[in-house]
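*Asks:* A single structure is presented below for examination.
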C-alpha cells in the first residue's frame with residue numbers, strides 16, 4: 001500500500017470514529033484506503049460521497065469534497081439544478097453541478113482546500129465533512145420533496 005493510500009485509510013478510520021462519537025446516522029461503505037468513500041446519510045435512495053482529492057499537476061493542493069450522489073435519476077438532478085440558486089444560498093457556497101452525457105449518475109459537490117498529509121488539520125476537516133454532508137443531504141431532500 002502506498003503512503004498516500006495508508007494516509008487515506010487512517011483518515012477514513014478516524015472520521016468514522018468521530019462520526020460514531022457524534023452519533024450521526026451514517027453508514028460507511030468499506031474502508032479500502034481509497035480517496036473516495038460512499039456514505040449513506042439517513043437515506044437509502046440517495047448517497048453522500050466524501051472525497052479526498054489528492055494533489056497533482058493540475059491541482060497542487062489537496063481538497064475535501066462532499067457530494068450528493070443521485071444514481072440513475074437524472075430527473076431528480078434536473079429538479080435540483082433548476083433550484084440551484086436556492087440550494088447554493090442554503091449551503092452558503094457555490095456548488096459543482098456534475099451531469100455528464102452518457103452517465104446514469106449525477107453529482108452535486110461542495111469542496112474546500114485541505115492538506116491531508118497534515119494530521120493537525122484533520123479535526124477541523126471532520127467537522128466540515130459532518131456539517132456539509134448533513135446539510136447537503138437535508139437541503140437536497142427538502143428540495144426534492146417540494
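*Asks:* Which of the residues that make up segment 101-113 are modelled with pLDDT of 80 or more and within 15 Å of residue 69 (Cβ to Cβ)? Outline the logic, then answer.
*Replies:* Let us first name the residues in segment 101-113 that are modelled with pLDDT of 80 or more, namely 101-102, 106-113.
Correct list: 106, 107, 108, 109, 110, 111.
*Asks:* Out of curiosity, is residue 33 touching a helix residue (DSSP H, G or I) at 6+ places or on another chain (Cβ under 9 Å), at pLDDT below 80 and either within 16 Å of residue 142 (Cβ to Cβ) or loosely packed, with under 14 Cβ neighbours inside 10 Å (or both)?
*Replies:* Working: touching a helix residue (DSSP H, G or I) at 6+ places or on another chain (Cβ under 9 Å): yes; at pLDDT below 80: yes; either within 16 Å of residue 142 (Cβ to Cβ) or loosely packed, with under 14 Cβ neighbours inside 10 Å (or both): no.
When the stated conditions are applied, residue 33 does not pass them.
*Asks:* Could you tell me which residue of segment 1-27 is modelled with the highest pLDDT, considering only residues that are in a helix (DSSP H, G or I) and exposed (fewer than 11 other Cβ atoms within 10 Å of the Cβ)? Before the answer, list the steps.
*Replies:* Step one: of segment 1-27, the residues in a helix (DSSP H, G or I) are 3-22.
From what is left, the residues that are exposed (fewer than 11 other Cβ atoms within 10 Å of the Cβ) are 3, 21.
On the way: 3: 78, 21: 93.
Only one residue tops the list, namely 21.
*Asks:* Could you list, in sequence order, the residues of segment 69-100 that are modelled with pLDDT under 80 and within 20 Å of residue 35 (Cα to Cα)?
*Replies:* Passing the criteria: 69, 70, 71.
*Asks:* Taking only segment 36-47 into account, find how many residues are modelled with pLDDT under 75 and on the phi < 0 side of the Ramachandran plot.
*Replies:* 6
*Asks:* Next up: Scan segment 100-145 for residues that are in contact (Cβ under 8 Å) with a residue 24 or more places away in the chain, surrounded by fewer than 15 Cβ atoms within 10 Å (Cβ to Cβ) and farther than 26 Å from residue 3 by Cβ and report the count.
*Replies:* Residues that pass the stated criteria total 1.
*Asks:* When you check residue 116 against the structure, is it touching a strand residue (DSSP E or B) at 6+ places or on another chain (Cβ under 9 Å), over 23 Å from residue 8 (Cβ atoms) and at pLDDT below 90, yes or no? First the steps, then the outcome.
*Replies:* On the way: touching a strand residue (DSSP E or B) at 6+ places or on another chain (Cβ under 9 Å): yes; over 23 Å from residue 8 (Cβ atoms): no; at pLDDT below 90: yes.
Here the answer is no, as residue 116 does not meet what is asked.
*Asks:* Does at least one position in segment 54-64 carry a residue that is under 18 Å from residue 132 (Cα atoms) and modelled with pLDDT of 80 or more?
*Replies:* Here is the first cut: in segment 54-64, the residues under 18 Å from residue 132 (Cα atoms) are 62-64.
Subset that is modelled with pLDDT of 80 or more: none.
No, segment 54-64 has no match at all.
The values are calculated or read from the model by the stated rules, or taken from the named source; none is laboratory data. This is a predicted model, so every value here is computed, not measured. Please note: Cβ atoms are built from the backbone with ideal geometry, for glycine as well, and neighbour counts cover all protein chains shown.
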